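Q: One structure is given below, represented as structure tokens, and several questions about it will come after.
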Amino acid sequence: MSYARVLCVGLVGVTGHVVQVEADLASGLPTVAITGLPDTALHEARDRVRAAVVNSGRTWPNRRITINLLPATLPKYGSSFDLAIAAAVLGSAGELPLLPLERVVVLGELGLDGTVRPVRGVLPMVAAAARAGHDRVIVPVENAAEAAVIPGVRVRAVDTLHRLVTFVTEGSPLLEPPQGAPAAAPPVPDLADVAGQLLGRRALEVAAAGGHHLALLGPPGAGKTMLAERLPSVLPELDDDAAMEVTALHSIAGLIPPGGQLIRRPPFQAPHHTATVPALVGGGSGLARPGAVSLAHRGVLFLDEAPEFAKGALDALRQPLEHGRVRLARSRGAAEYPARVQLVLAANPCPCAKPSGDVTCECSPLTRRRYLGRLSGPLLDRIDVQVTVQPVRAAELTEVAGSGESSAAVASRVAAARAAAAARWSGLGRRINAELPGPVLRRPPWCLPAPDTRELRARLDAGSLSARGFDRVLRLAWTIADLDGRDRPDADDVREAIGLRTGEAL
Ligand SMILES: [Zn+2]
């Protein structure tokens, strides 16, 4: 026999496609050719696989070897094809009877010594195998728990190429995925820890209920970070589809903790202001690594000290915020990752970042304007809720300590408000108020009675609010009414919305 075929999976974005790895031996000078759109990593695979085979005590066929990855049109990245290539080559040489591997999907990178190394993206790969009707997979032992998350798939694991070979030749057992309940998800910080901060808490609740982006301005020590990192605790848990998508992105980034399980909590990502563009939006060689904006997909992207981010980094966020997706240029074509995030910005009022009222701050009004101006064009314009928070005074701390409402209480109001919005907009194909196009809210049947929007229109006419800002206030007013369990916003809701939009709320 001089031909063999083993199944594997390649990823394009978060979507896996079953790939057939074919190996053919022919007489002639001993060479190895890999065809089927391989990237650099696949060329390296040739040397890795040969060393692994030899160091596992097997004979590398000294013939002309052609390895073909089908379908040829599918771009293939990364090192997860190694194990399938090794099996196909040994199979074509008659060293391995491949019957036990028929219809089995084989994933894994090989070390030169023949060990099988974990690969990124096992979760979406196994999901793709299952979708294609392949219910048996062999994965690196470190990825076994993650693979076992996919229901209806029989997962077996290997730690070495030798183990795979003896399974095929002698029927010796493969490794089993770890049994027992997966580790509990790490606890999420709770709003009950936040004393005082009535405005900050209100802004957070409104942002959560309507899916609005949020900017928190204020001096250091005002508790901006504390508020921001509690946003996931009041958002609804991810449904099955969202959990699968989010977990797949974390899998591709190689960030699934041991004992893997589906991510149910909206993720929270807080990249440092020195983060590079690839760290924010994704990139890297081989299988592109999702950036913070994709790891925060269906969760919260928090930019602390936002004006300190490089201009290029802030600009790079524009496209994902607009489209909910990131497009990364690759050596062949492009990779796309989902990136639908709720953005939370925090900023000090001036670059010196002195506490409020500190007399040593000598920043001029112009310096302050310029500082926040770094955010204006690309980001601030997309943000519905903008509030200024102040440090909690000692009196406030002692008065309200321990009386802060818990995240669970806020989350139940958020869930009810979201349900109301989803029911109202279902005919328009929208779920949250933040997604509503402005014109819809300005026209019947959704426009508000003129008396209720008098102040809003006056601000527009006076130029203190832009047309976009006008629409943002309307969206916020709907969210405020939803939180209060009313069908429509009234004048008070509009007034509060103006305050939350312009940062004038007190
Ligand atoms: Zn200053």
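Q: Provide the gained length on full extension for the span ASP315 to ARG442, in nm with one decimal, where the gain is 0.36 nm per separating residue minus the Cα-Cα distance.
A: 42.7 nm
Q: Dividing the convex hull volume of the Cα atoms of region 303-355 by its residue count, what figure in Å³ per residue is obtained?
A: Details: hull volume 4.6 nm³, N = 53.
Looking at region 303-355, the number lands at 86 Å³ per residue.
Q: Under a Cβ-Cβ cut-off of 11 Å, what is the net charge of the residues other than LEU123 that fall near it, where Lys and Arg count +1 and Asp and Glu count -1? Write out the running numbers ahead of the final one.
A: Details: positive: ARG120; negative: GLU146, GLU245.
So the surrounding residues net to -1.
Q: On to the next question. FRET efficiency for ARG486 and GLU237, Cβ-Cβ distance as r, R0 = 22 Å, nearest 0.05?
A: 0.25
Q: Give me the 1.4 Å probe accessible area per residue for the chain, excluding ligands and nucleic acids, in Å². Write down the numbers at each step before the final one.
A: On the way: 21890 Å² over 506 residues.
I get 43 Å² per residue for this part.
Q: I want the local charge near VAL12. Using Cβ-Cβ distances under 11 Å, sum +1 for each Lys or Arg and -1 for each Asp or Glu among the other residues.
A: Net charge in that neighbourhood comes out at +2.
Q: Between SER412 and ALA184, with labels modelled 7 Å along Cα→Cβ, what's the label distance in nm to one decimal, could you check?
A: With each label point 7 Å from Cα toward Cβ, the separation is 2.1 nm.
Q: Write down, largest first, the equivalent ellipsoid semi-axes of region 198-339 in whole Å, where each equals the square root of 5 times an eigenvalue of the alpha-carbon gyration tensor.
A: 26, 20, 13
Q: What number results when the radius of gyration of region 287-395, computed over Cα atoms, is divided by 2.2 N^0.38 Å?
A: So the Cα radius of gyration is 1.30 times the expected 2.2 N^0.38 Å.
Q: Same structure, new question: Using Cα centres only, tell me the gap between region 260-278 and region 203-240 in whole Å.
A: Going from one Cα centre to the other spans 15 Å.
Q: Put +1 on the Cβ of each Lys and Arg and -1 on the Cβ of each Asp and Glu in region 1-146; which of ALA23, ASN55, VAL12 then has its Cα farthest toward the positive end of the dipole?
A: ALA23
Q: With labels modelled as points extended 7 Å from the Cα through the Cβ direction, what inter-label distance (nm, one decimal) is found for ASP193 paired with ARG454?
A: So the two model labels end up 4.6 nm from each other.
Q: To the nearest Å, what is the center-to-center distance of region 142-166 and region 60-115, using C-alpha atoms only?
A: 16 Å
Q: Residues of region 429-447 with backbone nitrogen within less than 16 Å of a virtual label 7 Å along the Cα-to-Cβ line of ASP381, please, listed as ranges.
A: Flagged as within label range: 438.
Q: Ratio of Rg to Rh for the chain, alpha carbon only, Kirkwood?
A: On the Cα set of the chain, Rg over Rh gives 1.08.
Q: Ok, one more. How far is helix 365-376 tilted off the main Cα axis of the chain, in degrees rounded to 10, range 0 to 90?
A: Between the helix axis and the principal axis of the chain, the angle is about 40 degrees.
Q: Counting only the backbone N, which residues of region 203-227 are under 15 Å from the spot 7 Å out from the Cα of ALA422 toward its beta-carbon?
A: Residues passing the 15 Å test: 209-211.
Q: Quick check: at a probe of 1.4 Å, how many percent of the accessible area of the chain sits on carbon and sulfur atoms?
A: 54 percent
Q: Direction-averaged shadow area of the convex hull around the Cα atoms of region 424-469, nm²?
A: On the way: hull surface 14.4 nm².
For region 424-469, averaging the hull's shadow over all directions gives 3.6 nm².
Q: Another question about this same structure. May I ask you to list the GluC sites (Glu not before Pro) in region 92-198 that are in a DSSP loop and have at most 13 other Cβ atoms within 10 Å of their Cβ?
A: Hits after loop and neighbour filter: GLU102.
Q: I need the calculated FRET efficiency for the pair LEU366 and ARG103, taking r as the beta carbon distance and R₀ as 56 Å, to the nearest 0.05.
A: The pair LEU366/ARG103 has a calculated efficiency of 0.20.
Q: Right, another one. Where both partners of a DSSP beta bridge lie in the chain, what percent of those bridges are antiparallel, to the nearest 5?
A: Antiparallel bridges: around 50 percent, rounded to the nearest 5.
The values are calculated or read from the model by the stated rules, or taken from the named source; none is laboratory data. In this text the structure is predicted, and so the values were computed from the model without any measurement. FYI the Cβ positions are ideal-geometry reconstructions off the backbone, even for glycines, and counts take in every protein chain you see. When the accessible area is computed, the model is the full protein with side chains, heavy atoms only, and any ligands, DNA or RNA have been set aside. Shrake-Rupley method; radii C 1.70, N 1.55, O 1.52, S 1.80 Å.
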